[in-house]
Amino acid sequence: RRTLRCTAISATPLRHILRRHPMNQENLPEPPKHLSTQEFRDHGHALIDWIADYWERVEELPVMSQISPGAIRDQLPADAPEFGEPFQNLIEDLDSVVMPGITHWQHPSWFAFFPANASPPSVLAELVSAGLGVQGMLWSTSPAATEIESHVLDWLVDLLGLPRSWKTTEQGGGVLQMSASDSTHTALVVARHQAAKAGIDPSSMVVYASTQTHSSIQKGATVAGYGQIRLIDVSEKHEMRPDALRRAIEQDRADGLNPVFVAATVGTTGTTGVDPIRAVGEICNEQNLWLHIDAAYAGNAMICPEFRFHQDGLELADSYTFNPHKWMMVNFDCSVFYVADRGPLIDSLSILPPYLKNEASESGAVIDYRDWHVPLGRRFRALKLWWVIRSYGADGLRTMIRYHVALTQQLADRLTADPRFEIVAPHPFALVCFRCTEGDAATTNLIDAVNATGTVAWTGSELDGRPMIRVSIGQRATEERHVDALWALIDQLA
Ligand code: PLP
């Protein structure tokens, strides 16, 4: 193996700088002041205690912040401080200023949206990453950041049963991004770039997704400059209808438009519906369209082999995203993006200014993740993913997923057995959606009545133009007793 030097930029010799900027003791400004390392140690230890105490007492707090708009700002001084203040004041303000305005996603009775879990190994890794303060835009700007990321994302290919060819050691590869929206946006940009290179006018390019797709697909298509997005009809299970997709593609071609991109979802936000990947993928293959899979939430469940039939046909996909920051115990932000072939990705996003040139990149032996997404700069996110996987082990993560899915099934059984309620969609993972049989007003009243107790949070939404309730069970600390308490509330307030 060749040894690669990590110097990205050749330093200007110091004597030249000194000649240009003569300085002596008199005109040197005072050096900046910092907290001493001892102060950092003391406050840091106190803050770790503060977080641990928070996790221990969070259950006693109202789940949703109870404040009115502007209440936090009203407590802040109009102007930024001119002089630094004792750090202890800052810690004290956490309780008095910040906490009243926090909605507790780490509350065990968090049943709203999807989970956004923090966990001990993840938070500790986040702290280390901040302390190291590396900027891993190039391999050479911190080789460990890149190599751990590539390696852990290759591990996940096996752990989630994804196609082997998606590994960085093969033709594809994975990269961490901030959010699934960023991952999807990147896929849209690459597909658009490739189509434009083939001479297609972007204003004629069409993106397809189901009516249940996440708003990020629509936003990404707009940002990436597609001509339009076509929302495809769904089945009674709220899953994309391949026949409707084919018809839409054919109609668009007949109208002189250019179909380019299809986004299929494994686990829609509304109901965790699963688009038929194989059937959609076969259409994409036949029509030469880019197939992107949005598995932001449900992708996490694939660590358990029994859920993988939901993603049958993945070998037909060009790109895939899922969020460990939802349901894999990695705190926000951490979204994984895979491509089946990294060639078009790098071809679309690589721009090389002279100050980024370095021997390692030129050797072709390293990955420079700056070429794999829109931002140049990137932090060391992989550390927390690595530590979470090592700390829990795949087995620990499977146990967590299976526990949440079983709790969801238990709640679904109660809802099914009670004539006051109807479940409105299949619940293949850990989200159950239901409404009151008495009518829409009863559903809306129940949504508000349960949220008003402050002891739990869930999400009211709509399906087919009618109100429904989403209960998402996936918070790290949620136990059977919390779901029992939710059921008691439903039973009492319905
Ligand atoms: N896709 C799906 C299916 C989602 O459920 C969500 C968020 O819940 C997203 C995309 C967006 O995720 P992010 O907030 O990471 O952009």
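Key figures
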read-out	value
Matching residues, the range 201-214, being surrounded by 21 or more Cβ atoms within 10 Å (Cβ to Cβ) and of a type in the set (V, I, T)	V206, V207, T213
Hits in the range 334-355 - residues which are touching a strand residue (DSSP E or B) at 6+ places or on another chain (Cβ under 8 Å) and open to solvent by 10 Å² or more (accessible area, probe 1.4 Å)	A340, R342
Failed condition for I217, given (1) within 16 Å of the ligand (Cβ to nearest atom); (2) under 28 Å from A365 (Cβ atoms); (3) open to solvent by less than 20 Å² (accessible area, probe 1.4 Å)	(2)
From the options D312, D318, D333, residue that is closer than 19 Å to A264 by Cβ, touching a His at 6+ places or on another chain (Cβ under 7 Å), touching a residue at least 24 places away in the same chain (Cβ under 8 Å) and among the acidic types (D, E)	D318
Test: residue in the range 359-369 that is open to solvent by less than 10 Å² (accessible area, probe 1.4 Å) and without any contact (Cβ under 8 Å) to a residue 60 or more places away in the chain	no
In the range 350-398, the residues that are aromatic (F, W, Y), assigned to a helix (DSSP H, G or I) and closer than 30 Å to G474 by Cα	W386, W387, Y392
Selected residue (only one of G174, G161 is touching a residue at least 60 places away in the same chain (Cβ under 8 Å) and buried (at least 24 other Cβ atoms within 10 Å of the Cβ))	G174
Selection from the range 322-348 of residues that are polar (S, T, N, Q), within 10 Å of the ligand (Cβ to nearest atom) and in a loop (DSSP other than H, G, I, E, B)	N323
Subset of the range 423-444 that is touching a helix residue (DSSP H, G or I) at 6+ places or on another chain (Cβ under 8 Å) and open to solvent by 30 Å² or more (accessible area, probe 1.4 Å) - its residue that is farthest from M302 (Cα to Cα)	I423
Hits in the range 407-422 (condition: of a type in the set (A, V, I, L, M) and open to solvent by 10 Å² or more (accessible area, probe 1.4 Å))	A417
Flag for R192 being of a type in the set (D, E, K, R), more than 15 Å from the ligand (Cβ to nearest atom) and surrounded by 21 or more Cβ atoms within 10 Å (Cβ to Cβ)	yes
Pairs with Cβ under 8 Å, 6+ apart, first in the range 62-80 and surrounded by 10 or more Cβ atoms within 10 Å (Cβ to Cβ), second aromatic (F, W, Y) and not in a loop (DSSP other than H, G, I, E, B)	V63/W110
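The values are calculated or read from the model by the stated rules, or taken from the named source; none is laboratory data. Computed from a predicted structure; not experimentally measured. All Cβ positions, even for glycine, are placed from backbone atoms using ideal geometry, and neighbour counts span all protein chains on display. We work out accessible area using only protein heavy atoms, side chains counted, and drop any ligands, DNA or RNA first. Shrake-Rupley method; radii C 1.70, N 1.55, O 1.52, S 1.80 Å.
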